[in-house]
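Each remark here refers to the structure printed beneath this line.
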Amino acid sequence: MALILGIESSCDETAAAIVADGARILANVVSSQVDLHAKYGGVVPELASRAHLEKIVPVVRETFERAGLRYADVDAIAVTQGPGLIGSLLVGLTYAKAMAWALAKPLIGVQHLEGHIHAILLEQRQKNGQAPPPKAGPGIEFPAVALIVSGGHTVLYFVEQEPISAHPGQFRLRYRRIGETQDDAAGEAFDKVGKHLALGYPGGPVIDRLARAGNPDAVVFTRPQLKHGTPYDFSFSGIKTAVVRYAEREQMAEEIAAREERRLAGNADVAALCSQKTLDLVASFQKAVVEDLTERTLAAADDHAARSVFVSGGVAANSLLRKIVQEECAGRGLPVYFPSVALSTDNAAMIAAAAYPKFLAGDFVTLPSEPGFQFNADPSLPLGTSVSLGR
Ligand code: KG4
Ligand code: ZN
């Protein structure tokens, strides 16, 4: 059995987890900084790295306590290398390097978005109760099209399996980026709309909840027209601006200011502070974003003869996105996979799971004691190759 410690600190969550064979979570601890950044309506990088520094040691300690393990019991240490905020990444990466060196354990670098994809494989294996050693895609048909949609990213990947030569029957994944946002990420648009309408931070989960009481057909938004890029590229800055313009046109400023004041004074019931017009606006906004995400993802799946669809990242927690993607895939007889809500947002179990095939393949970072040591955080680390497969 391979026990891997995962460490994640790319944005505003300090997280550690121990996962056995990429299949079983022994402990999964996430310390969120949401309250710290809430009053700014977005992540403040300097505050984020300081909070990571304070939290990394207790979070790792608690992970081992919950798993009932000692530090020396793990077989490898995996850490998010990028993409993310440089100051945040460096905290987890430096900690992981030091720990690997002190314990003389192999160190594995993981790309954050690969982690989001592996959240799905991890839970699928866990669900199947598959005895180790697990295959890369337990019950999952490849190739897959994966939509990773979060506060920092909106990307579509074409994902294939490839065998690990040293371990017959075991697979790792190969990724080709086929589309991405040309401006804002979808989660960023949710958060900016939430901030503009004074709904609280982060906007995504609040809008998801408020939208249930709104009419999603009340406001019609024009679909983004991309001058450049592929049919699988996204754009969300236009719709954010359209929401701002609508609020101006409909003279909603007074309501927004009153809500901000009441919210800051500690009134937590945002729904009670929203007019029907506001509820209709957020429901319409959410529907437009979700339809756009769904259409481009399904177009990519159809065009590339995908045999399954993955949706992961913070916005994958959105209830309407889950419903609509599931309906569209069911209509095509296409299996679709979402992580549980808990593993949709940033966590380290997904990092430990993504490291497992790398562990099998011996894909390690050289340790500080070895010559030629180099392993640095990379705020814009890409995943796989970027190829336009055409339509
Ligand atoms: O993956 P994540 O935890 O961090 C990043 O890597 O960005 O994603 C956070 C994002 C935020 O923008 C948040 O508003 C969004 O995910 N989010 C949601 C929901 N839950 C979280 N967006 C829409 N609906 C939700 N239920
Ligand atoms: Zn993420």
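The values are calculated or read from the model by the stated rules, or taken from the named source; none is laboratory data. All of these numbers come straight from a predicted model, not from anything done at the bench. Note that each Cβ is placed from the backbone with ideal geometry, even for glycine, and that neighbours are counted across all protein chains shown. The area values use the complete protein model at the heavy-atom level, side chains included, leaving out ligands, DNA and RNA. Shrake-Rupley method; radii C 1.70, N 1.55, O 1.52, S 1.80 Å.
So here's what we get for this one:
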| read-out | value |
| --- | --- |
| From D183, D233, residue being over 27 Å from A354 (Cβ atoms) and within 23 Å of the chain's Cα centre (by Cα) | D183 |
| Scope region 176-193; condition near ligand 1 (Cβ under 8 Å from one of its atoms) and either open to solvent by 10 Å² or more (accessible area, probe 1.4 Å) or charged (D, E, K, R) (or both); matching residues | E188, D191 |
| Index of the failed condition, V43 passing every other in (1) open to solvent by 20 Å² or more (accessible area, probe 1.4 Å); (2) closer than 27 Å to L199 by Cβ; (3) of a type in the set (A, V, I, L, M); (4) away from ligand 2 (no atom under 15 Å from the Cβ) | (4) |
| Matching residues in region 1-28 - criterion: being in a strand (DSSP E or B), more than 16 Å from ligand 2 (Cβ to nearest atom) and open to solvent by 10 Å² or more (accessible area, probe 1.4 Å) | L3, R24, I25, L26 |
| Enumeration of residues in region 220-234 that are open to solvent by 20 Å² or more (accessible area, probe 1.4 Å) and touching a residue at least 12 places away in the same chain (Cβ under 8 Å) | V220, F221, T222, R223, P224, L226, H228, G229, T230, P231 |
| Single condition V59 does not satisfy, out of (1) modelled with pLDDT of 95 or more; (2) open to solvent by 60 Å² or more (accessible area, probe 1.4 Å); (3) away from ligand 2 (no atom under 16 Å from the Cβ) | (2) |
| Selection within region 94-125 - in a helix (DSSP H, G or I), surrounded by 24 or more Cβ atoms within 10 Å (Cβ to Cβ) and more than 16 Å from ligand 1 (Cβ to nearest atom) | A96, A100, L121, R125 |
| Filtered residue count, region 52-87, keeping only those that are over 27 Å from Y356 (Cβ atoms) and in contact with a helix residue (DSSP H, G or I) (Cβ under 6 Å, 6 or more places away or on another chain) | 2 |
| Helices (runs of 4 or more DSSP H) within region 293-383 that include 1 or more residues within 14 Å of ligand 2 (Cβ to nearest atom), in contact (Cβ under 8 Å) with a residue 40 or more places away in the chain and closer than 21 Å to V206 by Cβ | 341-344 |
| All positions within region 204-213 that are under 19 Å from the mean Cα position of the chain (by Cα) and either within 16 Å of ligand 2 (Cβ to nearest atom) or surrounded by fewer than 24 Cβ atoms within 10 Å (Cβ to Cβ) (or both) | G204, P205, V206, D208 |
| Verdict on D35 being modelled with pLDDT under 95, surrounded by 24 or more Cβ atoms within 10 Å (Cβ to Cβ) and not polar (S, T, N, Q) | no |
| Failed criterion for G129 (all others in (1) within 16 Å of ligand 2 (Cβ to nearest atom); (2) open to solvent by 40 Å² or more (accessible area, probe 1.4 Å); (3) closer than 20 Å to L343 by Cα hold) | (1) |
| Considering residues of region 303-357 that are among the polar types (S, T, N, Q) and more than 12 Å from ligand 1 (Cβ to nearest atom) only, the residue farthest from F285 (Cα to Cα) | S308 |
| Subset of region 157-209 [among the β-branched types (V, I, T) and more than 30 Å from G362 (Cβ to Cβ)] | T181, V193, V206, I207 |
| Among residues of region 62-83, those that are open to solvent by 50 Å² or more (accessible area, probe 1.4 Å) and outside any loop (DSSP other than H, G, I, E, B), counted | 5 |
